Each structure stands twice: as structure tokens, then as C-alpha cells.
Amino acid sequence: MSTPISPGLDRRALRWPLAVLFLLFLILFLTRSLARQGSPEKQASPPKIAVSVNLVLIPASVTDARGEFVPGLKVDDFRVLEDGRQQELTVFEVGDTPVAVGLVVDHSRSMGSKLPAVAAAVFSFAHTSNRQDEMFVVDFNDSVSIELMKGKAFTSDPKELQEALAAVSARGRTALYDAISEGLNHLQYAHWQKKALIIISDGGDNASHLKYAQVLAQARQSQALIYSIVLAGSDNLEENPELLRRLSKDTGGIAYFPRAGESVESASAKIAGDLREQYTLGYIPQTLKQSVAFRKIEVKVATPAHGKLHVRTRQGYSPAAVNVTPAPLETGAK
């Protein structure tokens with residue numbers, strides 16, 4: 001004679017078949033949903049948006065016959081040609097836009113007596129900068145080092161920059177090319193698209209592993225402006241001020257040669273002013289021939305309200321490293 005089963009036990013016994021059926025139904029539903037999503041016949045794929053294109057940015061300084069900055073220009077006043085072909089501008093900015101700046105400071109033995117003036121120039125430059133600027137220091141003599149300001153890769157604090165400069169004494173030989181290369185590399189980690197290096201040196205080099213041609217090629221890929229404060233005029237036979245002049249001109253910057261009685265601070269103030277008074281133009285090249293190693297850029301400005309205007313910008317670029325996300329067209333001052 002069998003023992004009767006209680007009603008409570010019957011309900012527990014029924015729970016397992018129901019749970020199994022629910023899991024089977026759920027698996028079947030998910031399988032069909034995934035199949036529909038993966039099938040191009042049943043569900044169209046959403047449009048894809050490209051977020052990385054070959055955007056070329058060109059900081060351009062526009063001055064009149066007196067050498068003074070010309071404000072108030074509009075995007076229609078500019079024409080940009082790449083290898084002789086006009087380009088359509090997709091970026092237009094004017095005003096004090098934030099910039100990433102690397103200060104490449106020569107700490108070799110020949111610079112010993114000049115370092116106090118150099119530190120004062122850097123401090124002055126930092127004080128006139130935008131509060132959003134990202135700055136860093138590259139120290140070099142025989143070797144090259146990126147000075148971390150309290151563990152940070154970038155800073156906007158003038159005191160932190162000054163402390164970084166004071167931490168290194170003048171000694172050894174000069175690895176200028178290697179230092180410029182390290183500065184260009186470090187700029188890649190900055191947030192801002194507008195970038196510049198300021199080199200403070202006599203232009204000599206007797207310790208680098210890199211050659212000038214390699215540094216120039218890297219500068220043309222980086223789209224960074226290169227300024228120079230050339231402290232030449234000593235008995236050092238290895239000084240090469242013309243090298244810094246060429247490098248600055250090629251990238252759209254300026255080389256300053258402080259005269260006797262002129263302070264280094266004056267040169268740094270001029271560089272700070274130049275960075276603040278620029279138009280930033282950007283375009284996506286119409287032709288992308290990878291066989292072209294260097295593309296020549298020409299910027300023209302014409303407006304009835306002004307006479308003949310002078311434009312200073314980079315001479316061109318190498319297309320190997322211009323992949324960045326474009327900003328929308330902006331025509332107002334910031």
C-alpha cells in the first residue's frame with residue numbers, strides 16, 4: 001500500500017518542470033533575436049559615422065604693412081591651397097584658444113651663465129598664457145628628460161615650470177635634435193589640437209643620435225609650430241643659430257635673436273602674443289595620394305577693408321600623422 005503525497009509536496013514537484021520550460025523559451029527567444037539582428041535581409045544595419053579623418057590644421061598669423069595683427073577676418077576672406085589645389089575649410093577659429101606648449105631648454109655647459117635669464121623668460125611666458133594651456137619642460141644636455149611637474153605630464157602653473165627648470169644644472173654636451181624629437185613626441189599626449197614647441201638654445205648639437213633631417217621630417221608630421229629663442233654670440237664654435245631659424249620658418253614659427261641689452265623675457269613675450277593672435281584653419285584634403293611625401297600649403301587672404309596682408313604659416317606637411325577628429329566650423333571669437 002503506497003503512502004499518500006501531501007499537497008505541499010505536489011507544488012514543489014511541479015516547480016522544476018515549469019522552470020525548465022521557462023529557460024528553454026528564453027533561450028529560443030534570444031537565439032531568434034540574435035539571428036534577426038545579424039541578418040542583413042531582415043534588419044538593415046544603422047549608418048556608420050566616421051570619427052577620424054585626415055584633418056589638417058594650420059595656425060596662420062595675419063599682419064598688415066606695419067607688422068601688426070589683423071583681427072576681425074572671416075572664413076570667406078581666406079583661401080587655402082594644397083599643392084596648388086584650393087581646399088574647403090571645415091575649421092575656423094580665432095582668438096585665445098588653448099594650446100599645448102613644450103619648452104625645450106638647453107642645459108648644456110655652454111648655457112651655464114644664461115640659465116637665470118632663461119628661467120625668468122619661461123616664468124614670464126607662463127604668466128601670460130591661457131589658464132587652460134598645457135605646458136611641459138624638456139631639459140637636455142648629454143641626455144634628454146621630460147620634467148614631470150609634481151608627477152604630472154602637463155601643467156599650467158608657472159611656479160611648477162620654474163621649479164622644473166631650477167632642478168637641472170648646466171653641464172655636459174648638447175643633444176638638441178634628440179630633445180626636439182622628445183618634445184614633439186610628448187605633444188601627442190596633450191588634449192589640445194593646437195601645439196607648439198619653444199626652443200631656448202644656441203643651436204649647437206654635438207651629442208644627438210638623430211640627424212636634422214629626421215627631426216625636420218618629424219616636425220612636418222606633427223603639425224606643431226616651432227619657435228626658437230637663439231642665445232648665440234659666445235665663443236662656442238658649435239653654435240648653429242641658422243639651423244633653428246630654418247626649422248622655425250618651415251613649421252610656421254619664428255626664431256628670435258635677442259640683441260645685446262635685450263632680455264630673453266622680451267622674446268618669450270612676443271611668442272606668447274603670437275600664439276594668442278592667430279587664426280586656426282582646418283580642412284580635409286581633397287586628394288589623399290600617399291605617394292606624396294610632402295604637401296605644400298599656401299594661405300591667401302583678401303578683404304576690401306584692408307590693403308596688402310602678410311600671412312605666416314607652415315610651408316607644408318607630411319601626411320603620415322594627421323589623423324584627428326575634426327571640430328565643427330566655428331566663426332566666432334573664443
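The values are calculated or read from the model by the stated rules, or taken from the named source; none is laboratory data. Note that the structure is predicted; figures quoted are calculated from it, not measured. No Cβ is skipped: glycine too gets one built from the backbone with ideal geometry, and neighbour counts run over all protein chains shown.
Miscellaneous remarks
- Of the residues making up the range 177-219, those that are closer than 22 Å to MET149 by Cβ, among the charged types (D, E, K, R) and either modelled with pLDDT of 95 or more or over 13 Å from the mean Cα position of the chain (by Cα) (or both) number 3.
- Of the residues making up the range 84-115, those that are surrounded by fewer than 17 Cβ atoms within 10 Å (Cβ to Cβ) and of a type in the set (D, E, K, R) are ARG85, GLU88, ASP96, ARG109.
- Qualifying residue in the range 69-83 (condition: in contact (Cβ under 8 Å) with a residue 40 or more places away in the chain and closer than 30 Å to THR174 by Cβ): no
- Among the residues of the range 57-87, those identified as in a loop (DSSP other than H, G, I, E, B) and either aromatic (Phe, Trp, Tyr) or closer than 22 Å to VAL99 by Cα (or both) are GLU68, VAL70, PRO71, GLY72, LEU73, LYS74.
- Only a single criterion out of (1) closer than 30 Å to PRO241 by Cα; (2) in contact with a Ser or Thr (Cβ under 9 Å, 6 or more places away or on another chain); (3) at pLDDT 95 or above is not satisfied by MET149, namely (3).
- Taking the range 200-301 and the strands (runs of 3 or more DSSP E) fully enclosed by it, the elements with 2 or more residues that are touching a helix residue (DSSP H, G or I) at 6+ places or on another chain (Cβ under 7 Å) and closer than 26 Å to SER143 by Cβ are at 225-230.
- Scanning the range 172-183 for residues that are farther than 14 Å from TYR212 by Cα and buried (at least 21 other Cβ atoms within 10 Å of the Cβ) turns up just one, GLY183.
Yes/no per residue for (1) assigned by TED's automatic domain parsing to the domain that holds ALA175; (2) surrounded by fewer than 22 Cβ atoms within 10 Å (Cβ to Cβ); (3) charged (D, E, K, R):
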{"site": "GLU82", "(1), (2), (3)": "no, yes, yes"}
{"site": "ALA117", "(1), (2), (3)": "yes, yes, no"}
{"site": "HIS127", "(1), (2), (3)": "yes, yes, no"}
{"site": "GLN132", "(1), (2), (3)": "yes, yes, no"}
{"site": "ASP139", "(1), (2), (3)": "yes, yes, yes"}
{"site": "ASP142", "(1), (2), (3)": "yes, yes, yes"}
{"site": "LYS152", "(1), (2), (3)": "yes, yes, yes"}
{"site": "PRO158", "(1), (2), (3)": "yes, yes, no"}
